Each structure stands twice: as C-alpha cells, then as structure tokens.
1. Does residue 211 satisfy the criteria of being crowded, with 17+ Cβ neighbours inside 10 Å, touching a Lys or Arg at 6+ places or on another chain (Cβ under 7 Å) and more than 23 Å from residue 87 (Cβ to Cβ)?
2. Just one of (1) within 16 Å of ligand 2 (Cβ to nearest atom); (2) part of a loop (DSSP other than H, G, I, E, B); (3) among the aromatic types (Phe, Trp, Tyr); (4) farther than 30 Å from residue 24 by Cβ trips up residue 111, so point out which.
3. Can we say residue 80 is more than 16 Å from ligand 1 (Cβ to nearest atom), touching a residue at least 60 places away in the same chain (Cβ under 8 Å) and among the acidic types (Asp, Glu)?
4. It is to be established whether one or more residues within the stretch 111-126 are of a type outside the set (A, V, I, L, M, F, W, C), in contact (Cβ under 8 Å) with a residue 60 or more places away in the chain and at positive phi.
5. Which one of 53, 77, 63 is over 26 Å from residue 147 (Cα atoms), in contact with an Asp or Glu (Cβ under 8 Å, 6 or more places away or on another chain), outside the structural domain of residue 276 (by TED's automatic domain parsing) and in a loop (DSSP other than H, G, I, E, B)?
6. Out of all the residues in the stretch 114-143, which are surrounded by 13 or more Cβ atoms within 10 Å (Cβ to Cβ) and polar (S, T, N, Q)?
7. Quick one: in the stretch 173-215, of everything that is in contact with a Pro (Cβ under 6 Å, 6 or more places away or on another chain) and assigned to a helix (DSSP H, G or I), which residue is nearest to residue 109 (Cα to Cα)?
Amino acid sequence: MEEWQQLLVDGINRSSQLPPQWRSSKEGVDQGDVEKTFPIRINGYYSSLISDPDGPIGRQVIPDSEEVLDFESPVDPLGEDTDSPVSAIVHRYPDRVLFLVTNQCPIYCRYCTRKRMIGTPEGVVTRREVEEGIEYIRDHPEVRDVVLSGGDPLMLKDDYLEFILSELRRIPHLEIIRIGSRVPSSLPQRVTPELCSMLKKYHPLFMNLHFNHPDEITPQASLACNMLADAGIPLGCQTVLMKGVNDDPDILKKLFQKLLTIRVKPYYLYQADLTRGANHFRTPVAVGLEIMKKLQGHTSGMAIPHFVIDAPGGGGKIPILPQEYLVSMEDGDVVLRNYEGNVFTYPDIILPETVREEGGLGSPEPEVGPLGNRNGHAGK
Ligand SMILES: *Cc1c(COP(=O)(O)O)cnc(C)c1O
Ligand code: SF4
C-alpha cells in the first residue's frame with residue numbers, strides 16, 4: 001500500500017474514532033447522527049494539522065450537529081442534477097462541461113456543496129458512467145474544455161485516471177483538460193513522481209487546487225505543488241469563504257500571497273452556497289466584498305481571485321465587485337474610485353453615430369471630460 005493510501009486507512013472514518021476533545025452535540029444530536037447522512041473522513045495527514053477542533057482546520061472536517069438540524073435548504077443548490085444530460089456530466093455553459101469521475105475525496109469537507117453525494121454508497125460513480133461521460137464529450141463538438149471533478153479525481157488510481165485522460169485526449173475538439181483537486185492541500189503524499197510523469201503526457205492540462213487557509217500550506221503541500229508545477233501544470237486555487245475559517249482579510253491576504261510562492265494562482269473566491277447541511281458556514285456577501293476591497297490595490301493583482309457567487313438554481317458563477325470602483329458612467333465620463341478612496345475620471349470614447357452604425361472602432365479624438373486629462377492623474 002502506498003503512503004497516501006495508508007494515511008486514508010489510518011485516518012478517522014467513523015464518528016467513534018473522533019478523539020474525545022473533538023466530540024460535540026447540540027439539541028440532543030451528536031456526530032454519530034450526522035454520520036448517517038454525511039460521511040466522515042479526516043485522513044491521518046489532515047488530522048495532524050488540527051490543533052483546535054473549533055479552529056480553521058478543524059471546522060472544515062469535524063462533523064457538527066448543525067449539519068442535520070437544517071431541513072430547509074436545497075440538497076442540490078446549483079441545480080446540477082437538472083443540467084445533467086448523462087449522470088456524470090453537468091453541461092451548463094456553452095463550451096465546457098463538468099465531469100464528475102468519482103465521489104471519493106481525501107477528506108470529507110463539512111461545507112461541501114456536493115455533500116449529497118460525497119462518500120455515500122448512492123453517490124458512487126461507476127466505470128460505465130465514466131465511459132458515458134467520455135462518449136458525451138466525444139459527441140458534442142462544442143465542448144472544448146472539461147473540468148474533471150467529483151469528488152476528487154486524484155483519488156483514482158493512476159492507471160484508471162490515465163485511462164480517462166487518454167480517452168479524453170483522443171477527442172480532437174477537446175482543447176483543455178482541467179482537474180479540480182483537494183489533494184495537494186489535504187493529502188499531498190498522493191502527488192507522487194509517478195503521478196506527475198503520467199499527468200504531463202496529457203497537456204494542456206490545468207489544475208485548480210483548493211486551499212482555504214494559510215495553515216494548509218505546509219512543507220508537504222508546497223512540495224506537492226512544486227512537483228505539479230514542474231510537470232508543467234498551471235495551478236490555480238479555488239477558495240470557499242467560510243465563517244470561522246477564513247472570513248478575515250488578513251488571513252485571506254496571507255493565503256493568496258503564500259499560494260503564489262508555491263506557484264499557485266488564486267482563481268476563484270466563492271461565496272458559500274446555500275447547501276443543506278452546510279449553511280452554518282455562510283457569511284454575509286458584504287463580508288466578501290469588504291475582503292476584496294482590502295486586497296485590490298493593497299497587494300499584487302496576481303494574488304487576487306475573482307469573487308463569485310454560484311447562483312442558486314443553475315445560474316452559474318457570477319463575478320461580483322465592490323460597487324465603489326465605478327462611481328458613474330455618463331456624458332462621456334467614467335468616474336472611478338481607487339483603492340485609496342480617491343476619485344478619478346477616465347474620458348470615454350464617444351463614437352459618432354455613423355461610425356457606431358458601421359461598427360467602426362471609434363473616433364480618433366476622444367472627448368475629454370471636465371475632470372479628466374489624458375494621463376489619468378486628475379480629480380483627486
Ligand atoms: C465552475 C463550473 C465550470 C467551469 O467554470 P469556469 O468559470 O470556466 O472555471 C463548468 N461547468 C460547471 C457546471 C461549473 O460549475
Ligand atoms: S474535497 Fe471538494 S468535493 Fe470533496 S468533500 Fe471537499 S469540497 Fe467536497
């Protein structure tokens with residue numbers, strides 16, 4: 001057995017294995033009740049990062065009675081089951097699909113949007129379903145990008161993952177393969193030299209990792225990311241904004257800056273979804289906007305992800321920006337506010353009617369608004 005497989009076996013897989021100081025109950029509901037609906041997995045590596053069960057790492061994986069005290073919220077908040085032409089595929093956007101290849105993960109995150117299927121017997125993805133997914137992509141020439149997800153595709157054994165990747169690479173219209181993975185942040189031992197040399201045969205291959213807190217960037221996680229980056233895989237990070245985990249501008253700034261040092265580019269910061277069993281992690285949207293304001297301009301643009309809300313009911317990811325930046329846009333003036341709160345005017349280009357009708361590129365002499373000058377230093 002490989003080291004990573006041993007870490008899974010030796011981890012906490014049942015509520016009875018939780019150490020006494022990690023036990024809790026609320027309203028007569030304990031973690032044994034939670035486990036019946038939402039399975040538990042805290043592998044031996046990730047559990048070693050937990051010092052306080054109520055701390056940012058502990059909260060992500062230690063079951064909480066709150067999970068089964070919520071009966072209102074939707075089980076499938078993003079309407080993924082509705083946009084699913086074959087069971088392993090979610091096809092929502094014109095040119096790309098989500099391909100759910102497994103329901104296993106290195107840990108079972110308590111906040112997971114797909115907790116309805118993760119680690120459950122009903123959620124298992126069969127080889128037949130994976131083959132159907134590959135066929136679907138082969139039959140749909142508009143699909144130029146596939147996101148392998150689940151669950152975590154790196155939980156599959158190398159040869160099965162290679163079967164999927166090689167079948168996908170034989171599809172001429174498929175340009176980009178992406179893998180979404182929690183492995184580097186929660187079971188970095190899974191990133192072996194063998195895995196990396198297999199993956200690099202299937203370029204252009206991108207990976208979006210999932211780090212939520214700077215304490216997840218350990219020497220082992222850094223090594224895993226460096227190995228993947230050395231295999232030529234561009235690395236991004238998708239972070240979920242969560243109460244009591246990372247809802248603090250300093251924590252997120254540190255996370256995003258540290259990610260860059262291990263060659264991971266922050267990609268998305270997600271507003272937590274409205275998921276049954278995960279709502280105790282939600283923060284007001286204003287908190288996320290405030291965090292974005294404290295990043296933009298204050299640190300490298302490289303360190304700044306898009307803040308998005310995945311709209312309930314299948315609306316997809318919608319980016320949101322603090323409203324302050326665009327003060328107004330009228331009469332040829334775009335009035336802007338910068339990160340320090342200072343106001344500037346950008347003189348917009350006004351197209352003469354005739355040029356506009358012909359779809360031309362605009363007049364050579366843009367009008368300059370009263371506050372503006374062409375160097376952009378006006379209106380402080
Ligand atoms: C997130 C997502 C994608 C990928 O979206 P990008 O914005 O291109 O990263 C594709 N399909 C579904 C259903 C998704 O939720
Ligand atoms: S690794 Fe991802 S899919 Fe798996 S439980 Fe965590 S958030 Fe959900």
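1. On the way: crowded, with 17+ Cβ neighbours inside 10 Å: yes; touching a Lys or Arg at 6+ places or on another chain (Cβ under 7 Å): no; more than 23 Å from residue 87 (Cβ to Cβ): yes.
Against the criterion (crowded, with 17+ Cβ neighbours inside 10 Å, touching a Lys or Arg at 6+ places or on another chain (Cβ under 7 Å) and more than 23 Å from residue 87 (Cβ to Cβ)), residue 211 does not qualify.
2. Result: residue 111 passes all but (4).
3. Numbers: more than 16 Å from ligand 1 (Cβ to nearest atom): no; touching a residue at least 60 places away in the same chain (Cβ under 8 Å): yes; among the acidic types (Asp, Glu): yes.
So residue 80 fails the test.
4. Yes, there is a match, as at least one residue in the stretch 111-126 is of a type outside the set (A, V, I, L, M, F, W, C), in contact (Cβ under 8 Å) with a residue 60 or more places away in the chain and at positive phi.
5. Selected residue: 63, the only one of 53, 77, 63 that is over 26 Å from residue 147 (Cα atoms), in contact with an Asp or Glu (Cβ under 8 Å, 6 or more places away or on another chain), outside the structural domain of residue 276 (by TED's automatic domain parsing) and in a loop (DSSP other than H, G, I, E, B).
6. If the condition is that a residue be surrounded by 13 or more Cβ atoms within 10 Å (Cβ to Cβ) and polar (S, T, N, Q), then 120 is the only one that fits.
7. Out of the qualifying residues, it is 186.
So that you can scan it fast, the table gives a plain yes or no per residue for (1) in contact with a Leu (Cβ under 8 Å, 6 or more places away or on another chain); (2) touching a residue at least 60 places away in the same chain (Cβ under 8 Å):
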| site | (1), (2) |
| --- | --- |
| 5 | no, no |
| 18 | no, no |
| 29 | yes, no |
| 42 | no, yes |
| 50 | no, no |
| 60 | no, yes |
| 66 | no, yes |
| 69 | no, no |
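The values are calculated or read from the model by the stated rules, or taken from the named source; none is laboratory data. Predicted, not measured: the structure shown is a model, and the values here were computed from it. Don't worry about glycine lacking a Cβ; one is built from the backbone with ideal geometry, like all the others, and counts go over all protein chains shown.
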